[in-house]
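Colleague: Okay, handing you the structure first.
The values are calculated or read from the model by the stated rules, or taken from the named source; none is laboratory data. Just so we're clear, the structure is a prediction, and the values are computed from it rather than from any experiment. With ideal geometry, Cβ positions are generated from the backbone for all residues, glycine too; neighbour counts draw on all protein chains shown.
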Amino acid sequence: MKNSPLIQKIKSREEASACVKQWQNKGEKVGFTSGSFDLLHLGHVEYLEEASRHCDRLVVAINSDASVRAYKGPKRPICDERSRLHVIASLSSVDLVFLFDETNNNTNVKVLRPDLYIKAGDYTKSRMTSADIVESQGGKVLIVPFATGYSSSGIIERILEVYGDEQPKSAPKLHYKKAPAIFIDRDGTINEEFDYIDDPKLFKLIPGAMEAIYSLESAGYRIVIVTNQPGIGFGYYSKQDFFRVNKKMLEAASA
């Protein structure tokens, strides 16, 4: 197992950078993408397969457990970082994987200097904080369509729907250190105010909002985002619409 092809694909960020340089020196085009890839599904597999078609080598950065918790909450990830690293490394479309702790790709693209920075189609270039860095280094940004109808959140919701009433046989109790918390109202503080926002396309981050939240988090505060949604009670939109908008916010936070 130690010298298996799968294990050879798993590197540190610094080792990955060295591999990228070697490939580029041979004239190979290196693509880079990232994600948590929690509960791997068909959408993930098809996305990585399509991304690999645009480059000679595909490098994938995997959000560490701490990184995932920072932008998806304390209940995620479902699968630990070691499991997610090995699963993505097992895909033939992926040449190399490494783990990272940040919630954006700024450091990754600075260290790797890829020829191509690839993100899924639910992103736009204007929302990608790392895009300018890539282009300043001579690289290009590519948005690859992401298959609709697949999501880790959807898998979790389905499991809860089917097994939600059953008591798990063993559930480890999580222990967290005490820390001060800041409660932040979502609409008008994090994103632009919009009456009864039910469509993720209407969600727009307020410039500097996420940077301010990261600063508070770095200062030792736990961040709690709250939002009053009377539109659900009035029947203007569903809880699923609300979850989709929140998913958009979390994706924007990790761009």
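Colleague: Taking the range 1-44, which residues are modelled with pLDDT under 95 and of a type in the set (Val, Ile, Thr)?
Modeller: Within the range 1-44, ILE7 is the sole residue that qualifies.
Colleague: Right, ARG76: exposed (fewer than 15 other Cβ atoms within 10 Å of the Cβ) and either in a loop (DSSP other than H, G, I, E, B) or basic (Lys, Arg) (or both) or not?
Modeller: It is false that ARG76 is exposed (fewer than 15 other Cβ atoms within 10 Å of the Cβ) and either in a loop (DSSP other than H, G, I, E, B) or basic (Lys, Arg) (or both).
Colleague: While we're on this one: Could you say whether any residue in the range 83-102 is aliphatic (A, V, I, L, M), out of contact with any Ser or Thr (no Cβ under 8 Å at 6 or more places or on another chain) and part of a loop (DSSP other than H, G, I, E, B)?
Modeller: So far as the range 83-102 goes, yes, one or more of its residues are aliphatic (A, V, I, L, M), out of contact with any Ser or Thr (no Cβ under 8 Å at 6 or more places or on another chain) and part of a loop (DSSP other than H, G, I, E, B).
Colleague: Keeping to the range 82-118, report how many residues are farther than 25 Å from SER215 by Cα and under 15 Å from the mean Cα position of the chain (by Cα).
Modeller: 7
Colleague: Follow-up question, since we're still on this one. From GLY164, GLY138, GLY121, which residue is surrounded by fewer than 15 Cβ atoms within 10 Å (Cβ to Cβ) and modelled with pLDDT of 90 or more?
Modeller: Of the residues listed, the single one that is surrounded by fewer than 15 Cβ atoms within 10 Å (Cβ to Cβ) and modelled with pLDDT of 90 or more is GLY138.
Colleague: Can you confirm whether the range 26-35 contains a residue that is in the same structural domain as ASN63 (by TED's automatic domain parsing), part of a loop (DSSP other than H, G, I, E, B) and surrounded by 18 or more Cβ atoms within 10 Å (Cβ to Cβ)? Break it down into steps so the answer makes sense when it comes.
Modeller: Taking the range 26-35 first, the residues in the same structural domain as ASN63 (by TED's automatic domain parsing) are 26-35.
Then drop every residue that is not part of a loop (DSSP other than H, G, I, E, B), which leaves 26-29.
Among the residues that remain, those that are also surrounded by 18 or more Cβ atoms within 10 Å (Cβ to Cβ) are: none.
No.
Colleague: Also, quick follow-up: Taking ALA89 as the residue in question, decide whether it is of a type in the set (Gly, Ala, Ser) and at pLDDT 95 or above.
Modeller: Judged against the criteria, ALA89 is a match.
Colleague: Related question: Go through GLU211, GLU251 for me and flag whichever is under 19 Å from the mean Cα position of the chain (by Cα), at pLDDT 80 or above and either surrounded by fewer than 10 Cβ atoms within 10 Å (Cβ to Cβ) or among the acidic types (Asp, Glu) (or both).
Modeller: Just a single option satisfies the conditions, and that option is GLU211.
Colleague: Can I ask one more? Kindly indicate the residue of the range 141-154 that is in contact with an Asp or Glu (Cβ under 8 Å, 6 or more places away or on another chain) and over 14 Å from ASN105 (Cα atoms) and also modelled with the highest pLDDT among those meeting that condition. Outline the logic, then answer.
Modeller: Of the range 141-154, the ones in contact with an Asp or Glu (Cβ under 8 Å, 6 or more places away or on another chain) are 141, 144-147, 152.
Applying the additional criterion that residues be over 14 Å from ASN105 (Cα atoms) yields 144-147, 152.
Working: VAL144: 90, PRO145: 81, PHE146: 73, ALA147: 70, SER152: 79.
Only one residue fits best here, namely VAL144.
Colleague: Write out, first by first residue and then by second, each pair whose Cβ atoms fall under 9 Å of each other, whose residues are 6+ apart or on separate chains, and whose first residue, in the range 1-30, is among the acidic types (Asp, Glu) while the second is assigned to a helix (DSSP H, G or I) and at pLDDT 95 or above.
Modeller: GLU14/VAL111; GLU28/GLN22
Colleague: What are the pairs with Cβ atoms under 6 angstrom where one residue, in the range 217-240, is under 15 Å from ALA181 (Cβ atoms) and the other, located anywhere, is part of a loop (DSSP other than H, G, I, E, B) and among the basic types (Lys, Arg)? Sequence gap at least six, or different chains.
Modeller: Correct list of pairs: ILE225/ARG186.
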